[in-house]
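A.B. asks: Got a structure for you, written out below as structure tokens; questions coming shortly.
The values are calculated or read from the model by the stated rules, or taken from the named source; none is laboratory data. All values derive from a computational prediction rather than experimental measurement. With ideal geometry, Cβ positions are generated from the backbone for all residues, glycine too; neighbour counts draw on all protein chains shown.
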């Protein structure tokens, strides 16, 4: 066996290396402690010399792709349902107090006033009240509709803001991709960039349901609804076009945006629930007006006028802008009866009875025709149950997300206890190495000063 | 599982938030705000909407019922009076056949009696309620009956029923038309004929034909009158039903929208206690770490 004897200076060098290593380690732990509260910071560990390869020191990020994917998918669900719930709860506000007031009361009141007129066909006040209840009905329908439109517009504006955010994150990921491709994998600065990139991807997942895939060269490919939004440093951005506004891909204009997340939720609720509610509201107004007119035009006013419509609707297709109580209809022209006789309330009576007529088919419960009041009540009930369902789903997704966030924290969050322990450990290592250096130094001293000429 | 400080913090904060939400909900319930928006409880919101719609309909039933009963009551009063007058005419007809009616003076007395009866009947038949003629169908502004050249009356009202919807698919007519009143024959012409016959000293037909005619008219109006009574009772029944229904609805509505204050109070106190306990544990557990013992 041939043992190679190393020189004294090698010992000095070893001790220096050990001190440097300890110092570097302490730096890493210091960084961890300093960023303990940064949710995007991934805990770093120092690589052992064997892991770091020849001549190197380096850090590794303690990261788990599997938990990351889970976190991002629950985050995407949360974004989706929460955005839907947010919009639907604004819709709920439109319906006001569900029990008192609002459009529902206007519907009930409208038919009730006809009934009252039927009982007192020649009463001028009853006639005025029918006209005024009609105007309230029209005004309530219009106001509900315009508020739905406002919510819709607001959803569109939110889409624009969200798309801007998405584009910013996409740009930042592609820039980081570019920088990382020219950096070593264990570079502490690369770890910083990766933290930033992961944070951007987290946001993208929440906003669009994006998924990431790290390629062998260290760059990240971002897929959103099947479209590669970032591939290495190539980037495809979103834009909002059209009316109603829709997010589309700038370079793939034929492929619709099919991601989830907040943007997907906004798009879904806008083209789903909101559209349906608007259609149903229009259907209700049009059907009620048509039915009332059909009866009213066969009747006769007190002044003998016939063939008058109670509501005016303008040319087809039905447009709420043209919908009103016939402005030319004087109170005495309201056709309460089939004749001008003072106690003929037959037409008013039939119009009053329309409140019981199942004249409406909604897009919500298409199988069953409904009375106007039931139709409207189902609309409100549906909005309520949709909103509470979305709230429930958002809560579930949020719980998942929180759980996954906990798992992420558990895997790579900074534990101050650990870091303090490691710091102390490295401090001791440094002291030990320094001591070795001291011993070596004494040996060299003895060798140089204690031998030879005295 | 590795637990870090930020995990402790975020999970505690989340729990505190949940507790605050619970507290807020309980507090809303105490303040009587259980159903603020449809999503609070869609089922109950829908029920509440149905109930308040039903309440409005029952209130209409009550108003309609009251008004209808007034109409029917007036019609009843007037038909009662008519029956009395026809009965009086009948009595006179019977007297005309008796020995006391032989003298011209006595006959004159009977004729005067009949004339009074005829005038009274005319008044009743043209009876009004709140300025509207009771027996002229839909033409309630037209005086229904006027004398004609033959000694009878002409009817200038319409033959329409005034219908009132008391309950779903129960429409009750609240008027009698002139046509219906006259269905037993033109008794006014009978009276004129009787007067003429007595004036000319012919009592035979008065006691036979005219008496029969009066009986027919009496039967007809009597039948109509009892019909009015039936309708009146029917409406009264539904009114009572509506009143009870309104009470029930109000009670149910109160339960749905207001909730139970005692239960809500207890829930709020519970929520408050848990919240306070969580705050204490949070404030004690969080600030400690190894840093407090090492590297000092």
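A.B. asks: State which residue is farthest from the other protein chains (Cβ to nearest Cβ) when the search covers only the stretch A:121-151 and only residues that are over 23 Å from residue A:357 (Cβ atoms) and assigned to a loop (DSSP other than H, G, I, E, B).
C.D. replies: Applying the filter and picking the extreme gives A:123.
A.B. asks: Scanning the stretch B:86-139 for residues that are within 14 Å of chain A (Cβ to nearest Cβ) and free of Cβ contacts under 8 Å to residues at least 12 places away in the same chain, which turns out nearest to residue B:188 (Cα to Cα)?
C.D. replies: Filtering first and then ranking leaves B:128.
A.B. asks: Still on this structure: Whether any residue in the stretch A:89-107 is more than 14 Å from chain B (Cβ to nearest Cβ), at pLDDT below 90 and not in a helix (DSSP H, G or I) is what I want to check.
C.D. replies: No - not one qualifying residue is present in the stretch A:89-107.
A.B. asks: Which of the residues that make up the stretch A:243-275 are farther than 11 Å from residue A:159 by Cβ and surrounded by fewer than 17 Cβ atoms within 10 Å (Cβ to Cβ)?
C.D. replies: Answer for the stretch A:243-275, where residues must be farther than 11 Å from residue A:159 by Cβ and surrounded by fewer than 17 Cβ atoms within 10 Å (Cβ to Cβ): A:243, A:250, A:251, A:252, A:253, A:254, A:255, A:256, A:258, A:271, A:272, A:275.
A.B. asks: With respect to residue A:118, determine if the residue is within 14 Å of chain B (Cβ to nearest Cβ) and free of Cβ contacts under 8 Å to residues at least 40 places away in the same chain.
C.D. replies: No.
A.B. asks: Can you give me the number of residues within the stretch A:368-420 that are more than 8 Å from chain B (Cβ to nearest Cβ), assigned to a loop (DSSP other than H, G, I, E, B) and out of contact with any strand residue (DSSP E or B) (no Cβ under 8 Å at 6 or more places or on another chain)?
C.D. replies: 1
A.B. asks: Is it the case that the stretch A:366-375 has a residue that's surrounded by fewer than 19 Cβ atoms within 10 Å (Cβ to Cβ), closer than 30 Å to residue A:45 by Cβ and modelled with pLDDT of 90 or more?
C.D. replies: The answer is no, given that none of the residues of the stretch A:366-375 is surrounded by fewer than 19 Cβ atoms within 10 Å (Cβ to Cβ), closer than 30 Å to residue A:45 by Cβ and modelled with pLDDT of 90 or more.
A.B. asks: Still on this structure, please answer the following. With respect to residue A:357, is the statement that it is under 21 Å from residue A:89 (Cβ atoms) and touching a residue at least 60 places away in the same chain (Cβ under 8 Å) true?
C.D. replies: Considered against the rule, which asks whether it is under 21 Å from residue A:89 (Cβ atoms) and touching a residue at least 60 places away in the same chain (Cβ under 8 Å), residue A:357 comes out as no.
A.B. asks: Taking the stated definitions as given, is residue A:302 within 14 Å of chain B (Cβ to nearest Cβ) and crowded, with 20+ Cβ neighbours inside 10 Å?
C.D. replies: When the stated conditions are applied, residue A:302 passes them.
A.B. asks: So, one more: Could you say which residue among A:207, A:201 is touching a strand residue (DSSP E or B) at 6+ places or on another chain (Cβ under 6 Å) and crowded, with 17+ Cβ neighbours inside 10 Å?
C.D. replies: Selected residue: A:201, the only one of A:207, A:201 that is touching a strand residue (DSSP E or B) at 6+ places or on another chain (Cβ under 6 Å) and crowded, with 17+ Cβ neighbours inside 10 Å.
A.B. asks: If you check every pair at least six apart or on different chains, which have Cβ atoms under 9 Å apart with a residue in the stretch A:4-16 that is part of a loop (DSSP other than H, G, I, E, B) first and a residue that is surrounded by 11 or more Cβ atoms within 10 Å (Cβ to Cβ) second?
C.D. replies: Here the result reads A:6/A:14, each pair linking the stretch A:4-16 to a residue that is surrounded by 11 or more Cβ atoms within 10 Å (Cβ to Cβ).
A.B. asks: Could I ask something else about it? Among B:240, B:278, which is touching a helix residue (DSSP H, G or I) at 6+ places or on another chain (Cβ under 7 Å), surrounded by 12 or more Cβ atoms within 10 Å (Cβ to Cβ) and at pLDDT below 95?
C.D. replies: When all the criteria are applied, what remains is B:278.
A.B. asks: Of all residues in the stretch B:244-273 being more than 14 Å from every other protein chain (Cβ to nearest Cβ) and surrounded by 15 or more Cβ atoms within 10 Å (Cβ to Cβ), which is modelled with the lowest pLDDT?
C.D. replies: Looking at residues that are more than 14 Å from every other protein chain (Cβ to nearest Cβ) and surrounded by 15 or more Cβ atoms within 10 Å (Cβ to Cβ), I get B:264.
A.B. asks: Kindly indicate the residue of the stretch A:226-249 that is part of a loop (DSSP other than H, G, I, E, B) and modelled with pLDDT of 90 or more and also nearest to the chain's Cα centre (by Cα) among those meeting that condition.
C.D. replies: My answer is A:237.
A.B. asks: Out of B:29, B:48, which single residue is out of contact with any strand residue (DSSP E or B) (no Cβ under 7 Å at 6 or more places or on another chain) and facing another protein chain (nearest Cβ under 10 Å)?
C.D. replies: B:48
A.B. asks: Now a separate question. Among the residues of the stretch B:31-46 satisfying the criterion of being assigned to a helix (DSSP H, G or I) and surrounded by fewer than 19 Cβ atoms within 10 Å (Cβ to Cβ), which is nearest to the chain's Cα centre (by Cα)?
C.D. replies: Checked the stretch B:31-46; the qualifying residue nearest to the chain's Cα centre (by Cα) is B:43.
A.B. asks: Can I ask one more? Of the numbered conditions (1) within 30 Å of residue B:54 (Cβ to Cβ); (2) out of contact with any helix residue (DSSP H, G or I) (no Cβ under 9 Å at 6 or more places or on another chain), residue A:134 satisfies every one except a single condition; which is it?
C.D. replies: (2)
A.B. asks: Is it fair to say residue A:42 is assigned to a helix (DSSP H, G or I) and touching a strand residue (DSSP E or B) at 6+ places or on another chain (Cβ under 7 Å)?
C.D. replies: no
A.B. asks: Here's something else I'd like to know. Residue B:216 passes all but one of (1) touching a residue at least 12 places away in the same chain (Cβ under 8 Å); (2) more than 30 Å from residue B:121 (Cβ to Cβ); which number fails?
C.D. replies: (2)
A.B. asks: Identify, please: which residue in the stretch A:329-345 is at the interface with another protein chain (Cβ under 8 Å from one of its Cβ atoms) and crowded, with 24+ Cβ neighbours inside 10 Å and is, among those, nearest to residue A:116 (Cα to Cα)?
C.D. replies: Step by step, filter the stretch A:329-345, then rank; the result is A:345.
A.B. asks: I'm trying to understand the selection: among the residues of the stretch B:167-176, which are on the phi < 0 side of the Ramachandran plot, in a loop (DSSP other than H, G, I, E, B) and within 11 Å of chain A (Cβ to nearest Cβ)?
C.D. replies: B:168, B:174, B:175 - these are the residues of the stretch B:167-176 that are on the phi < 0 side of the Ramachandran plot, in a loop (DSSP other than H, G, I, E, B) and within 11 Å of chain A (Cβ to nearest Cβ).
A.B. asks: Tell me, which residue of the stretch B:282-296 that is assigned to a helix (DSSP H, G or I) and surrounded by 13 or more Cβ atoms within 10 Å (Cβ to Cβ) is nearest to the chain's Cα centre (by Cα)?
C.D. replies: The extreme case among them is B:282.
A.B. asks: Restricting attention to the stretch B:10-30, which residues are within 30 Å of residue A:413 (Cβ to Cβ), surrounded by 17 or more Cβ atoms within 10 Å (Cβ to Cβ) and under 55 Å from the mean Cα position of the chain (by Cα)?
C.D. replies: Within the stretch B:10-30, B:19, B:22, B:23 meet the criteria.
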